[in-house]
1. Roughly how tilted is helix 207-223, in degrees to the nearest 10 and between 0 and 90, from the longest Cα axis of the chain?
2. Under a Cβ-only charge scheme (Lys and Arg +1, Asp and Glu -1), can you give me the dipole magnitude of the chain about the Cα centre, in debye to the nearest 20?
3. Among Asn433, Leu355, Phe536, whose Cα projects farthest towards the positive end of the dipole of the chain, with charges put on the beta-carbon of Lys, Arg (+1) and Asp, Glu (-1)?
4. Could you give me the ³J(HN,Hα) list for the range 477-491, computed from phi with Karplus coefficients 6.51, -1.76, 1.60 and θ = phi - 60°, whole Hz, x at Gly and Pro?
5. Any number yet on Rg/Rh for the chain, C-alpha, Kirkwood?
6. Based on the Kirkwood radius over alpha-carbon pairs, what value in µm²/s does the Stokes-Einstein equation return for the translational diffusion coefficient of the range 26-65 at 4 °C and 1.567 mPa s?
7. Near Asn428, within a Cβ-to-Cβ distance under 14 Å, what is the net charge of the other residues, with Lys and Arg +1 and Asp and Glu -1?
8. May I ask you to derive the relative contact order of the range 149-259, considering only C-alpha pairs under 8 Å and at least 6 residues apart, and to give it as an integer percent?
Amino acid sequence: MPSQTSIAVLPFRNVSSDAENEYFADGMTEEIINALSKIQGLKVTARTSSFTFKNQHEDVRIIGNKLGVSTVLEGSIRKAGKRIRIAVQLIRTDNGFHIWSESYDRELSDIFALQDEISLLVADQIRENFGHMDIQEQLVAPKTSNIEAYEFYLKGRFFFFKWNLPDIEKGISFFKESIKIDPNFDHPYFSIGLCYSLLGSWGHIDKVEALQLADAYFEKGAELGKQSVVSYFALAAHQFWGHWNYQLAYKNLQNAHELNPQDSDSIDFMAEINRSLGDFERAFELNRQALQLNPLSVNAHYTKATLLHLSGNYEKAIDIIKKGLQLDANFELLQHLFCITLIHTGKKDELYVYLQQKEIVPILVKLAKQLYSLFHKEDPLTSDYDSILIEISQLKSPLLYPWDIYLRLYSDRKEEALKLLEKQVTTNMGQVNCFKSDPILKPLKSNSIFKKLVNASFPDNTLSSEQGNFAKDKSEVLTADEITNYTAALKSKMEEEKVYIDGSLNLRNLAKEIALQPNKLSWLLNDQVGKNFNEFVNEYRIKTFQEKALDPTNKHLTILGIAYESGFNSKSVFNDFFKKSTGMTPKAWLKQHQ
């Protein structure tokens, strides 16, 4: 069963005449996801899983089942010049019922205020329909005073998330344009630094030069003195992948988690760090949390698969790899891991069948077949090992796994393999970040140089014990006397003043009526009264409807007319709640009681 207070924000549709405005729709979706993720008690599906449904027309009930959420937010954006029109609707995933919908027509300069308004209204609707959660007064703060700079930043993010070298380079160019327009906007600095650091850490560009460029942008971003998940995550990636400084990286991720406890990327990144250290128990737990928030994340599936592979659970690793490849058959890290795991388990037939897939690059086919032959001491496919190693060195994009080390190790060139491993470890290359537990490197693990590398890079298996579960203790928000007094005030407002007759009454309005903070009223209703806001208010409306419907002086009114006079403002809400309360339709109930 999905958590009742849970939501997936589906990618907003770009209905602008300019198809290039897709970046803006994606950015708007991401900002609302991030805003809602700050609310404790509301489970929000991460961006990656939500964007799986981009440009699809899946039934919301199926989406709810796949993502484990009770509601989805759909929307469309029309951007024209300096104006923007947004239509959104919040939908239940159990029955497809539209809880709430709204349209906005605003100046583009109001974009951050609009993001905040939509996020707060969505959160209010979920709270009123499903249960208590504390909602901050503001969920989205302006990131820059220049909307053009923000647009260039969104364009950079759009290309960054394509995860390939040409598009990342294009993303960098847009981030730089954003900085030109507003040098005080910090996000683009950290985004550029992250791009350079990752490209260097995996050998796409010269690492020394890349890290120097990254440091320069991080320094400029830090001078602005702002804090964000974007900045902390970028610094963590730089420290871990660029310098293998796992302690400093972890500290930055904890800072990111404090700002947004539901940022699944940060949580899964913590799992990756523990994976490299060899603390698989902690890594599995963190990865489990990440997958709860991001169930369709290919990267989180890859993290889980590597943990299973490194800990020796190869059959289970194969199952998770297959699930990941169903999500994205072109995810190269999974392709490499699948081949390596099949080689390790001796599944030659399955390996050769997989290598016939159209998504597999030719070099991987050659490498996998060669390593299988060497690993299992079959007759080698070719005795010309040097030519394949030269081919690896001449690739435009470096391989994501250290095949050059593997081939040397199993072709009786152990010293060469060890020397190359030492070079890649001492230069902190991403391809060998898990060398400490890599089962393919088992023949090297008793070597003194290998042990020295482990001690220099990842000497401890665990980080401090402070990195436990992230759940926060629940505590009562009102004293016993306050509960008694506010409950009495609530009863008076409902029974004597009948404020529920106003169809526009919401939780925030009712909180003002009894001079209580909305979060505290939400807690009082759900924790003490035992009903969410809509259940509480609609029970009074149902009772009033029944009294009015049986009053002969109202026989000239229709059922729906009486419902509206009782405080309902929606036919579907009235019929749905009436049937849940009485077990029959309003018409059937009236016929039985007249």
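1. 30
2. Details: 68 positive and 76 negative charges, 221 e Å.
That gives a dipole near 1060 debye.
3. Looking along the dipole axis, the top candidate is Leu355.
4. Whole-Hz 3J(HN,Hα) from phi for the range 477-491: 9, 10, 6, 4, 5, 5, 4, 5, 5, 6, 5, 5, 5, 5, 4.
5. Details: Rg = 28.5 Å, Rh = 27.1 Å.
Rg divided by Rh gives 1.05.
6. Working: Rh = 11.2 Å.
The estimated diffusion coefficient comes to 116 µm²/s.
7. Values: positive: Lys207, Lys423, Lys436; negative: Asp206, Glu422.
Net of charged neighbours comes to +1.
8. Details: 157 pairs, mean separation 23.1, N = 111.
Relative contact order, the range 149-259: 21 percent.
Every read-out reported here was derived from the displayed coordinates using simple, explicitly stated rules and does not represent laboratory data. Since we're looking at a predicted model, the values are computed, not measured. Reconstructed Cβ throughout: ideal geometry from the backbone, glycine too, with neighbour counts over all protein chains shown.
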